[in-house]
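Structure record follows, encoded as structure tokens.
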Amino acid sequence: MATIELGYGHDSISFEYDAARFDILTTDHNSKPLNDAEIGAALDMPIDSPSLEELIEPADSVLIVVSDATRATGSAQVTNLLVRRLIQNGVAPGDIGIIFATGIHREVSDEEKAELLTPFIKQRIRTFSHNAYDAASLMQIGTTAEGVPIEVNRALRDYSKVILTGGVGFHYFAGFTGGRKSICPGLASARTIEVTHMLALDFERGGRRTGVGTGLLKGNAVSDECERVATLINPALGINVIVDDKGRAEQIFAGHWRTAHERACEAYAAAHSIMIPEKREIVIVSGGGLPYDINLIQAHKALDMAAHACVDGGTIILVAECRDGLGRSDFLKWFEAEDSTALETRLREQYEVNGQTAWALLTKAENFRVHIVTKLSDSDVRKMRMRSVESIESLLSVISPLTKGYIMPRGAALLPVMASR
């Protein structure tokens, strides 16, 4: 028997498995975290862009956009180096601001700010919180094709230059995280977020819109609309980070905010997709611990990846602590719907972003037997049509030992792709 550690919050769960029964799905590359000099070298050679020194003059004011605690982006190292370099180039510390791209997530706590920025930067550089529901902090910069106002945080225009930072990974309907998503949804109003995200669903035919899905960028209606919003801001620079399993920067793609992001997405997809010969009856998946399982809305992303490797009607065991609960206090209201079809009808009538996540989760709970090792209450889990289990072993004990499966220790960061026959 072999043993594997599956991330669970700050800790991990040890699972002893039969290597003849379970194959491990993981990335095959061995990389090491970048040091400060290597990150500096990436800034020295930006992609499709003038240098940082040419883009930003000493008289400029600079707003740095940083992801919140639900993302692993290597932001502490990257932001620290970026701020120091801006100051070295003559930008006054008082002319530098950092804003957290929370979208409709909760506010970043003081403790999280120190972790995301380092205590040194947190104490010396002004930080802002984004509130997607606070009209006073928002401004209109355009309209959608349907005439809906495009609203973003005013801070984006209060500074002469904007720099986007963030991690690149798979996203189950925007294709990839990072880049344009730092502006929309990261710093957009709730109304703008809703109108862009609802493009993921095809309300005429039902289900997902064609072209929308994991690893799809070009022709993805959600990504295209978020990019159009970001174009109205036209950031001076984008710094895109690919992190390792400990959240440390292993690759940096700095340069033009759109081009550098596209290059990062290409590299990420190449390194984080894995060919599988078949789908199997059992998939055991962990998001990889914090921040990927900070709440259920985030943990769902690992479940979405596991679905790519599981046969219809098969069993998925999700390992997700969910220390922050569901991610939204009103998330369970969507599961009052009789089934995913009824929930989709409700979304057509009154769309909300997290309702779409609920719909995506419910479709999987209908298509697979989803069990979860978690700190969520059993009653909440059952409302979402899943089942709580105390351990992986307890569930496997009632499943035929001849049933084969996969184990995905870092599920949120790996896309299983069926090999062509």
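The values are calculated or read from the model by the stated rules, or taken from the named source; none is laboratory data. The shown structure was predicted, so the numbers you read here are calculated from the model rather than taken from an experiment. Cβ sites come from the backbone with ideal geometry, for glycine too, and all protein chains shown count toward neighbours. What goes into the accessible areas is simple: the full protein's heavy atoms, side chains included, and nothing from ligands, DNA or RNA. Shrake-Rupley method; radii C 1.70, N 1.55, O 1.52, S 1.80 Å.
Descriptive notes on the structure:
- Of all residue pairs spaced 6 or more apart or on separate chains, none has beta-carbon atoms under 6 Å together with a first member in the stretch 80-92 that is closer than 16 Å to S160 by Cα and without any contact (Cβ under 8 Å) to a residue 12 or more places away in the chain and a second member that is open to solvent by 40 Å² or more (accessible area, probe 1.4 Å) and assigned to a loop (DSSP other than H, G, I, E, B).
- Any hit, the stretch 340-354, residues being without any contact (Cβ under 8 Å) to a residue 24 or more places away in the chain, part of a helix (DSSP H, G or I) and surrounded by 15 or more Cβ atoms within 10 Å (Cβ to Cβ): yes
- Any hit, the stretch 220-230, residues being more than 30 Å from E5 (Cβ to Cβ), outside any loop (DSSP other than H, G, I, E, B), polar (S, T, N, Q) and under 16 Å from the mean Cα position of the chain (by Cα): yes
- Just one residue in the set R263, R328 is at pLDDT below 95 and either open to solvent by 30 Å² or more (accessible area, probe 1.4 Å) or within 20 Å of R410 (Cα to Cα) (or both); that residue is R328.
- Inspection of the stretch 162-173 identifies at least one residue that is over 26 Å from E344 (Cβ atoms), more than 20 Å from the chain's Cα centre (by Cα) and either surrounded by 18 or more Cβ atoms within 10 Å (Cβ to Cβ) or not aliphatic (A, V, I, L, M) (or both).
- Check on T26, open to solvent by less than 30 Å² (accessible area, probe 1.4 Å) and either more than 20 Å from G169 (Cβ to Cβ) or at pLDDT below 95 (or both): no
- Residue satisfying condition, being surrounded by 22 or more Cβ atoms within 10 Å (Cβ to Cβ) and under 17 Å from the mean Cα position of the chain (by Cα), within set L290, L361, L318: L361
- Members of the stretch 371-386 that are assigned to a helix (DSSP H, G or I) and either open to solvent by 20 Å² or more (accessible area, probe 1.4 Å) or under 24 Å from I276 (Cβ atoms) (or both): D378, S379, D380, R382, K383
- Failed item, numbered, when D245 is tested on (1) farther than 24 Å from L63 by Cβ; (2) open to solvent by 20 Å² or more (accessible area, probe 1.4 Å); (3) more than 16 Å from the chain's Cα centre (by Cα): (3)
- Residues being without any contact (Cβ under 8 Å) to a residue 40 or more places away in the chain and among the hydrophobic types (A, V, I, L, M, F, W, C) - total across the stretch 318-339: 3
- Options V398, V389: the member that is at pLDDT below 95, open to solvent by 20 Å² or more (accessible area, probe 1.4 Å) and either in contact with a helix residue (DSSP H, G or I) (Cβ under 7 Å, 6 or more places away or on another chain) or of a type outside the set (D, E) (or both): V398
- Filter result for H300 (touching a helix residue (DSSP H, G or I) at 6+ places or on another chain (Cβ under 6 Å) and under 30 Å from S51 (Cα atoms)): no
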